[in-house]
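Quick notes on the structure that follows.
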Amino acid sequence: MDTAPILQADGLDENYQLLADFNGVVLAGHTTRYGVQFVIRDWEYEKTGVTQGHYMSDNSTAAKQDFAVRSALVWEQQIFSPEHHTEIYRCVQDI
């Protein structure tokens, strides 16, 4: 966060650090007194503004996962939910 550049986009009310930018989607973070607020947004207006954001309060894992899915780095079906992990564990134990 400390070395990341400022996200240059119109309409932002806070200074967000640009953490990742891929396929029209940005992952940015803003340090608050409660931790880091992450936001995943789509670029608009030829990369001068951002829209349609998801906010993740101090949860970098969820923010990175949401960015990876929204930017099409990974398919959502490739990510196992806690229920999937439980079922896989149950199946392996029955062998």
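The values are calculated or read from the model by the stated rules, or taken from the named source; none is laboratory data. Just so you know, these numbers come straight off a predicted model, no measurement behind them. Positions of Cβ are generated from backbone atoms using ideal geometry, with glycine treated the same way; all protein chains shown enter the neighbour counts.
Remarks
- Test: residue in the stretch 12-29 that is in contact with a strand residue (DSSP E or B) (Cβ under 7 Å, 6 or more places away or on another chain), closer than 17 Å to D2 by Cα and among the polar types (S, T, N, Q): yes
- Single residue of the stretch 1-48 satisfying the filter (surrounded by 15 or more Cβ atoms within 10 Å (Cβ to Cβ) and in a loop (DSSP other than H, G, I, E, B)) that is modelled with the lowest pLDDT: L12
- Odd one out for Y55 among (1) surrounded by 15 or more Cβ atoms within 10 Å (Cβ to Cβ); (2) within 11 Å of the chain's Cα centre (by Cα); (3) among the hydroxyl-bearing types (S, T, Y): (1)
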